[in-house]
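Everything below concerns the one structure shown next.
The values are calculated or read from the model by the stated rules, or taken from the named source; none is laboratory data. Nothing here was measured: the structure is a model prediction, and the numbers come from that model. Note that each Cβ is placed from the backbone with ideal geometry, even for glycine, and that neighbours are counted across all protein chains shown. With ligands, DNA and RNA removed, areas are computed over all heavy atoms of the protein, side chains included. Shrake-Rupley method; radii C 1.70, N 1.55, O 1.52, S 1.80 Å.
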Amino acid sequence: MQFTLIDKFILFPLIFLAGFVDSIAGGGGLISLPAYLFIGVPSHYALGTNKLSSTIGTIFSTLRYAKGRAIIYSVGLPSVVGSLIGSYIGAKLALLLSPDRLKIILTILIPLAALFVFFGRKNEQSVEKQINFKSVRTYIMSFLIGLSIGTYDGFFGPGTGTFLIILYVSILSIDHVSASGTAKIVNLASNIGALVTFIFGGKVIYSLGLPAALFGIAGNWLGSGLALKKGSKVIKPIMLAVLVILFVRIIADMI
């Protein structure tokens, strides 16, 4: 497959933007995947190539969150285990149930999630100090969060990272920066698993995905740095924007 210089001028800035958004609030795939499809990449190759560039970008944002000590491993690692199990369950459910039903449910849940993000707690530091992140309850709830979001990811997918952050904040009372950083572990694990599948299936266009990954790296690196510096002041607005984009996409698909 051949792609023109104009195609790349369209794609690469969008991959940068996707990486920037994803590193802060999740949901970058809502930008990057349509970008690949827009320049004419066939759907299966678009999925595989998008996984290549997004996985490489996520590695760098994860490293920056780790360097900033914004990853809670006692939450992230149980969530990874739960998400791997959940993604398998979700994929099986997708073969049995219609995604249209889930879309109807999401049209109700997404506005509620947006209200929570907008009106969520203001004083994060005082709440965070009271939490024991190495308790049995935390391990169990982290696993269940990973299981539920992994199931959603396997069944439908868009906005997975955003929903992870929302659940970490609402259920485990994690601050937005640590929630975003911890969600990166789960995203990275699921991305690597999917990427390996696409690679063995021969559905990755390396000549396009690797240069795009450089822009994804830049977006992820700058976005994670901004999140670490500004905290919920920048994370909340971008999360709301991602939820709006997801809501519009689902409504458009239903119509």
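Computed over the Cα atoms of segment 1-123, the ratio of the radius of gyration to the Kirkwood radius (Rg/Rh) comes to 1.01.
Report Rg(Cα)/(2.2 N^0.38 Å) for segment 56-96, keeping two decimals. Before the final figure, lay out each step's value.
Working: Rg = 14.0 Å, N = 41, 2.2 N^0.38 = 9.0 Å.
In units of the 2.2 N^0.38 Å rule of thumb, it is 1.55.
Convex hull volume of the Cα atoms of segment 166-253, normalised per residue: 131 Å³. Note on F116 and I199: their simple-model spin labels are 3.5 nm apart, each label 7 Å out from Cα toward Cβ.
With a sphere of radius 14 Å drawn around the Cβ of S43, what net charge do the other residues whose Cβ falls strictly inside it have (Lys, Arg +1; Asp, Glu -1)? Could the numbers behind the result be given before it?
Values: positive: K51, K203; negative: none.
My count for the surroundings of S43 gives +2.
In a fully extended conformation the segment linking I105 and F9 would gain 30.8 nm over its present Cα-Cα distance, using 0.36 nm per residue.
Among residues other than A25 with Cβ under 13 Å from its Cβ, the summed charge is +3 (Lys and Arg +1, Asp and Glu -1). Estimated purely from DSSP H runs of n ≥ 4, each contributing -39500 (n - 2.57), the mean residue ellipticity at 222 nm for the chain is -28500 deg cm²/dmol once divided by its residues. The simple Förster model, with R0 at 30 Å and r as the Cβ-Cβ distance, assigns R69 and I140 a FRET efficiency of 0.80. Carbon-plus-sulfur accessible fraction, the chain (probe radius 1.4 Å, protein heavy atoms only): 71%. Membrane-span-like helices in the chain, defined purely by DSSP H runs whose alpha carbon atoms cover 18 Å or more axially and whose average Kyte-Doolittle hydropathy reaches 1.0, are 5-25, 73-96, 99-119, 176-200, 232-254.
Label zone of S207 (point 7 Å out along Cα→Cβ, amide N under 17 Å): in segment 18-49 this covers 39-42, 45-46, 49.
Excluding I85 itself, what net charge comes from residues whose Cβ is under 13 Å from its Cβ, given Lys and Arg +1 and Asp and Glu -1?
On the way: positive: K92; negative: D153.
That works out to 0.
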